[in-house]
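J.: Take this structure first; my questions come after.
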Amino acid sequence: MVTIIDIEKAHERIYDFIFETPCIFSEDLSKSTNASVFLKLDNMQRTGSFKERGALNRLLLLDAQEKSKGVVTASAGNHGQAVAYHAARLQIPAQVFMPLNSPAIKISRTENYGAKVHLVGDNYDDVHQAALLFAQKTDAFYLHAYDDAAVIAGQGTVALEIKKQLPNVDTIIVPVGGGGLISGIAVATASFKSAPQVIGVEASVMPSMAEAIAAKGPVKLPIADTIADGIRVRLVGKLTYAICAQMVTNWVSVDDDQIARAILFLLEQQKTIAEGAGAAGVASLLAGKISYKKNKCICILVSGGNIDVHTLARVIT
């Protein structure tokens, strides 16, 4: 399992290379909810998402031999960009496998950061299997997007920043795909003097973690499409499931219309760009899916901002 010590060490390890993102007060959301609502803008990381935290922590823990052989990963886009960027900075060869239908912006940026991109399959599961096989054949290190203790510890560093920025936070709302981010946050917040409730938000067509918890183990969901491609994960990790089953009790889901409204709200009212997955937490609050007490402090993770221009155009129109 992952511990708070792992997360604190990860924070020390990556601190000089990761942007401590702002946690801004949302006047509009606060007025509409009678609460104090803040947005943790991890869409402002260099590669546009929180994924840099876990990817960098894992890369820094590789030994010399592993670095020389390079890394292989599978990604819906944001993890791949994070691996590509930091691997290039650390002079580690990187191969990134992504679905054929990945947003063009995520493909081009991953390539521009220096990784070799392989487009295979229609969903993360296809990509994961292809990448894993490639890593086995080439003896490269397979860097899992979420089911890795070092990756989870890296993602949990966002909670340490929230603790410093909002010492009295009562609720943290987190978008959920494979479960790496919410697992890290759950472990970190459990150590807070007054632990906030952590709420996971999934796409309604693919509530993989909620279904896993109900089934008492990871289950693969049917293929489905959603505007929130970053959290379109059919099968959660074994490690992330174990953490979430033990530490997270609050789960909600949002549909594409609700996510689209949240993207537009963030653009118009908060002047920030969020992709579908990144806006899921805001969508849950706007849609009335979240239970909270009035006058409390709520923090929503805006986890990514790499939205395809064509998707953004459809949302706006």
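Quick note: the coordinates plus some simple rules give every number you see, no bench work behind them. The model shown is predicted, which means the values in this text are computed figures rather than measured ones. Cβ coordinates were reconstructed from backbone atoms using ideal geometry, including for glycine residues, and neighbour counts include every protein chain displayed.
J.: When the helix-only estimate is applied to the chain (DSSP H runs of n ≥ 4, each -39,500 (n - 2.57), divided by the residue count), what is the mean residue ellipticity at 222 nm, nearest 500 deg cm²/dmol? Walk me through the numbers before you get to the answer.
T.: On the way: 14 runs with 148 residues, N = 317.
The helix-only estimate for the chain comes to -14000 deg cm²/dmol at 222 nm.
J.: Separate question: Would you mind checking the tilt of helix 78-89 against the longest principal axis of the Cα atoms of the chain, expressed as 0 to 90 degrees and rounded to 10?
T.: 50 degrees
J.: Here's a follow-up. Rounded to the nearest 20 Debye, what is the dipole magnitude of the range 171-317 about its Cα centre when Lys and Arg each give +1 and Asp and Glu each give -1 at the C-beta? Could you put the intermediate results ahead of the total?
T.: On the way: 13 positive and 10 negative charges, 123 e Å.
So the dipole magnitude of the range 171-317 works out to roughly 580 debye.
J.: Using Cβ counts within 10 Å as a stand-in for footprinting exposure, how do HIS310, HIS86, HIS128 rank, fewest first?
T.: With the sparsest Cβ surroundings first, the list reads HIS310, HIS128, HIS86.
J.: In addition: If exposed trypsin sites (Lys or Arg not before Pro) are those in a DSSP loop with at most 14 other Cβ within 10 Å, what is the longest stretch of the chain that has none?
T.: Numbers: sites that count: LYS193, LYS216, LYS220, LYS271, LYS293, LYS294.
Segment 1-192 is the longest.
J.: Just to verify a number: FRET efficiency for LYS9 and VAL219, C-beta to C-beta distance, R0 = 45 Å, to 0.05? Kindly include the intermediate steps, with their values, before the conclusion.
T.: Numbers: r = 33 Å, r/R0 = 0.73.
Using R0 = 45 Å, I get an efficiency of 0.85.
J.: By its C-alpha gyration tensor, with a ≥ b ≥ c as the square roots of the eigenvalues, how is the range 211-316 shaped: rounded for a/c under 1.5, else prolate for a/b larger than b/c, else oblate? Before the final figure, lay out the partial values.
T.: Details: a/c = 2.29, a/b = 1.33, b/c = 1.72.
Verdict is oblate for the range 211-316.
J.: Between ILE227, ILE105, ILE152, where does the largest GNM mean-square fluctuation fall for the chain, given springs only between Cα atoms within less than 10 Å?
T.: The residue with the greatest mean-square fluctuation here is ILE105.
J.: Oh, and also: Which residue, ALA74, ALA35, ALA203, tops the fluctuation ranking in a GNM of the chain built on C-alpha contacts under 10 Å?
T.: Per the Cα network of the chain with a 10 Å cutoff, ALA35 tops the list.
J.: Over all distinct alpha-carbon pairs, what is the Kirkwood Rh of the range 52-142 in angstrom? The partial results should precede the final answer.
T.: Values: mean 1/r = 0.0793 Å⁻¹.
Computed over the range 52-142, the radius equals 12.6 Å.
J.: Kindly identify the range 121-228 as rounded, prolate or oblate by the Cα gyration tensor criterion: order the square roots of the eigenvalues as a ≥ b ≥ c, call it rounded if a/c is under 1.5, otherwise compare a/b with b/c, prolate if a/b is larger, else oblate. Kindly include the intermediate steps, with their values, before the conclusion.
T.: Numbers: a/c = 2.54, a/b = 1.53, b/c = 1.66.
Since a/c reaches 1.5 but b/c is at least a/b, the shape of the range 121-228 is classed as oblate.
J.: How far is the Cα center of the range 240-284 from the Cα center of the range 6-65, in Å?
T.: 16 Å
J.: Which one, (i) 7, 30, 39, 21, 4, 0; (ii) 6, 24, 29, 21, 12, 7, 1, 0; (iii) 6, 27, 36, 24, 7, 1, gives P(r) over Cα pairs in 10 Å bins from 0, in percent as derived from the coordinates shown?
T.: It is the one labelled (i).
J.: May I ask you to sort THR226, THR311 by Cβ crowding, counting other Cβ atoms within 10 Å and putting the fewest first?
T.: Working: THR226 20, THR311 17.
So the ranking, lowest neighbour count to highest, is THR311, THR226.
J.: Follow-up question, since we're still on this one. Suppose every K and R has +1 on its Cβ and every D and E has -1 on its Cβ; what is the size of the dipole of the range 52-142 about the Cα centre, in Debye to the nearest 20? Mind showing how you got there, number by number?
T.: Numbers: 9 positive and 8 negative charges, 58 e Å.
The dipole magnitude comes to about 280 debye.
J.: What's the magnitude of the charge dipole for the chain around its Cα centre, counting Lys and Arg as +1 and Asp and Glu as -1 at the beta-carbon? Answer in Debye, nearest 20. If you can, show how the numbers build up before the last one.
T.: On the way: 30 positive and 30 negative charges, 95 e Å.
Value, rounded to 20: 460 debye.
J.: Just to confirm the number: angle between the C-alpha axis of helix 149-165 and the first principal axis of the chain, 0 to 90 degrees, nearest 10?
T.: The angle comes out at about 30 degrees.
J.: Got a sec? Charge dipole of the chain, +1 on Cβ for Lys and Arg, -1 for Asp and Glu; which of GLY217, GLN65, MET1 is way out at the positive end?
T.: The listed residue farthest towards the positive side: MET1.
J.: Continuing with this model, one more query. Hey, fewest Cβ within 10 Å first, where do GLU268, GLU275 land in order? Don't skip to the end; give the middle numbers.
T.: Numbers: GLU268 10, GLU275 32.
With the fewest neighbours first, GLU268, GLU275 line up as GLU268, GLU275.
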